[in-house]
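Notes to accompany the following structure.
All of the numbers you see were taken from the coordinates with simple rules; none came from a lab. Note that the coordinates shown come from a computational prediction; the quantities given were computed from them, not determined experimentally. Cβ sites come from the backbone with ideal geometry, for glycine too, and all protein chains shown count toward neighbours.
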Amino acid sequence: MTDIRPFTLAIPDARLQHLQEKLALATFPDELEDAGWEHGAPLADIKRLVHHWRTTYNWRRHEASINALPNYETRIDVDGFDTLDIHFVHQVSPNANAIPLLFVHGWPGHFLEVAKLLPLLRASEQNGGPAFHVVAPSLPNFGFSSVVTKKGFGMAQYAETCHKLMRKLGYEDYVSQGGDWGTFITRTMAMLYPEALKATHINMVACQPPYRNPLALLTLGFKYLTGTFSEDEKAGFERTQWFEKHGSGYFKIQSTKPQTVGYALGDSPVALLAWVYEKLHDWTDSYPWTDDEILDWISVYWWSRAGPAASVRIYYEAVKGEYTAARTYETWIPNVKLVSQYLRLGRIA
C-alpha cells in the first residue's frame with residue numbers, strides 16, 4: 001500500500017476559461033415544432049443548461065464537494081497493458097471487521113454514483129445493519145483514472161483492475177455492487193476471482209426467455225396468450241419495447257464506431273451535454289434533476305483525465321474477446337452469491 005496517495009482535484013483556471021470560450025461559440029441546431037423528447041434532448045433544455053454553464057454554474061463549488069470525499073489514487077499493473085493510475089474513493093469503517101464493498105459504475109455513470117450512499121453505508125451498523133469499507137473506483141478511461149491507449153481492454157481487464165485494487169488495499173475477501181457496465185464487470189470478476197469475491201449485487205439484468213426450462217416457458221406462453229400478466233409485468237414489457245425501438249441507438253454507435261462519436265464528445269461540451277443529458281432524463285424515471293446536478297454530472301466527464309471520448313470505448317471492447325458481456329449472463333457461477341435488483345418507478349421489480 002506504499003504507493004497509495006491522497007488525490008485532490010484542481011482544474012486549472014486556464015482550462016475553465018477555455019471551456020467558457022467553447023460554450024460562447026456554440027452553434028445550436030434548429031428543432032421541429034412540438035418535438036418534445038421524441039427526437040432527443042429538447043433545444044430549449046440544452047440552451048438553458050448551456051446558459052447556466054456559462055453564467056452562473058460554479059465548478060469550484062462542485063470541485064470542493066468532490067475533494068471533501070476520501071479520494072485516493074494508486075498504480076495498478078494490468079497484464080498486457082501499461083501501468084494505470086487509478087482514482088478511487090475509499091471510506092473506511094471504524095469497525096475493523098467491516099465488509100469490504102466494491103462499487104463499480106458504468107456509462108454514463110462515474111464514481112460519484114456512490115456519493116449519496118456513503119453516509120447511509122457509514123450509518124448502517126448504527127441502524128442494526130452490517131458495517132462496510134466502501135471502495136468506489138473511477139474505471140480506466142473514466143473520471144480521474146488513466147486512459148487506455150491499447151486495443152483489447154475489455155471486461156477481463158476491467159475486472160482485473162478492480163480485483164487488484166481491492167487486494168492492494170488489503171482486502172483478501174470482498175463483495176461487489178455493479179450497475180450498468182459495473183454489472184458485467186462484477187460478473188466477470190465472479191468468474192475470474194471466485195475465491196475472493198464472496199457475493200455480488202447487480203442492478204442491470206437482461207432476462208431472456210427461459211428456453212432451458214420448458215415448464216417456465218409454457219407458463220409464460222400461457223400468460224401471454226391469455227393476457228394474464230400483472231400490471232407490473234405489462235409495464236415492464238412496454239418499457240423494454242420502448243427502449244429497443246427508441247432508446248438504444250447510442251449502443252449501436254458506441255459499440256461499433258466509438259471513435260467517430262468521440263470527436264464530438266471530446267471537442268464540444270454542448271455535444272457531450274446533449275448526449276449524456278438525454279440518458280439522464282430517459283433512464284432515471286422521474287428523478288428531479290436540478291440544473292446544477294446535471295452540470296455536476298457532465299463536468300466529471302468533461303474534466304476527466306482520459307477525456308469524454310475514451311469512456312465510450314468500453315462498448316466496443318465489451319462485445320469482443322473471451323469475456324463478453326453476453327457470456328456474463330450465460331455463465332452459471334455456483335460459488336459466488338448473487339442478488340439482483342432492478343429499481344424501476346420507485347419499486348424494485
- Message: Please identify the DSSP H helices in the chain that span no less than 24 Å along the helix axis (Cα) and have a mean Kyte-Doolittle hydropathy of 1.0 or more.
- Response: none
- Message: Taking a ≥ b ≥ c as the square roots of the Cα gyration tensor eigenvalues, with a/c under 1.5 meaning rounded and otherwise prolate when a/b beats b/c, else oblate, which class fits the chain?
- Response: oblate
- DSSP loop (so not H, G, I, E, B), at most 11 other Cβ within 10 Å: list which chymotrypsin sites (Phe, Trp or Tyr not before Pro) in region 245-349 pass both filters. W332
- Name the lysines eligible as straight-distance cross-link partners of K47: C-alpha to C-alpha under 20 Å, and not fewer than 8 places from it in the same chain. K22, K279
- Item | Shape of region 212-256, Cα gyration tensor, a/c cut at 1.5 | oblate
- Task: Specify whether the C-alpha gyration tensor of region 57-109 places it in the rounded, prolate or oblate class, a ≥ b ≥ c being the square roots of the eigenvalues: rounded for a/c under 1.5, otherwise prolate if a/b is larger than b/c and oblate if not.
- Result: oblate
- Burial ordering of F184, F144, fewest other beta-carbon atoms within 10 Å first: F144, F184
- Message: Within region 281-314, name every residue whose backbone N is under 19 Å away from a label modeled 7 Å from Cα of F251 along the Cβ vector.
- Response: 281-285, 311-314
- Could you calculate the FRET efficiency of K223 with A115 from 1/(1 + (r/R0)^6), where r is the beta carbon distance between them and R0 is 45 Å, rounded to 0.05? 0.65
- So which GluC sites (Glu not before Pro) in region 11-53 pass both tests, a DSSP loop state and at most 11 other Cβ atoms within 10 Å of the Cβ? E33, E38
- Normalised by the number of residues in region 199-349, what is the relative contact order in percent for Cα pairs under 8 Å and 6+ residues apart? 42
- Any idea how far apart A264 and D77 come out in nm if each label point goes 7 Å out from Cα toward Cβ? 4.2
- Task: Any chance you could check the Cα centroid distance between region 295-315 and region 10-83 for me, in angstrom?
- Result: 9
- Query: What is the fewest-to-most order of S145, S299, S268 by other Cβ atoms lying within 10 Å of their Cβ?
  - Reply: S268, S299, S145
- Set of lysines near K164 by C-alpha distance (under 24 Å), chain-local residues within fewer than 8 positions excluded: K150, K151, K198, K320, K337
- Query: Straight-line reach from K223: which aspartates and glutamates have Cα under 12 Å away, leaving out those fewer than 8 places along the same chain?
  - Reply: E233
- Using the eigenvalues of the Cα gyration tensor, what equivalent ellipsoid semi-axes result for region 5-88 when each is taken as the square root of five times the eigenvalue, whole Å, largest first? 35, 19, 13
- Item | For region 42-152, convex hull of alpha carbons as volume per residue, Å³ | 169
- Message: Is there a quick way to get the dipole size of the chain? I mean about its Cα centre, with the Cβ of Lys and Arg at +1 and of Asp and Glu at -1; what is the value in debye to the nearest 20?
- Response: 640
- Note on the structure: When the charge dipole of region 131-200 is computed with +1 on Lys and Arg Cβ and -1 on Asp and Glu Cβ about the Cα centre, the Cα farthest towards its positive end, among M166, T149, W181, belongs to T149
- Message: Can you compute the modelled spin-label distance between E231 and A216, with each label point 7 Å from Cα toward Cβ, in nm?
- Response: 2.7
- Message: If you filter region 143-210 for trypsin sites (Lys or Arg not before Pro), then keep DSSP loop positions with at most 11 other Cβ within 10 Å, what is left?
- Response: K150, K151
- Item | Footprinting exposure proxy for V270, V92 (fewest neighbouring C-beta atoms within 10 Å first) | V92, V270
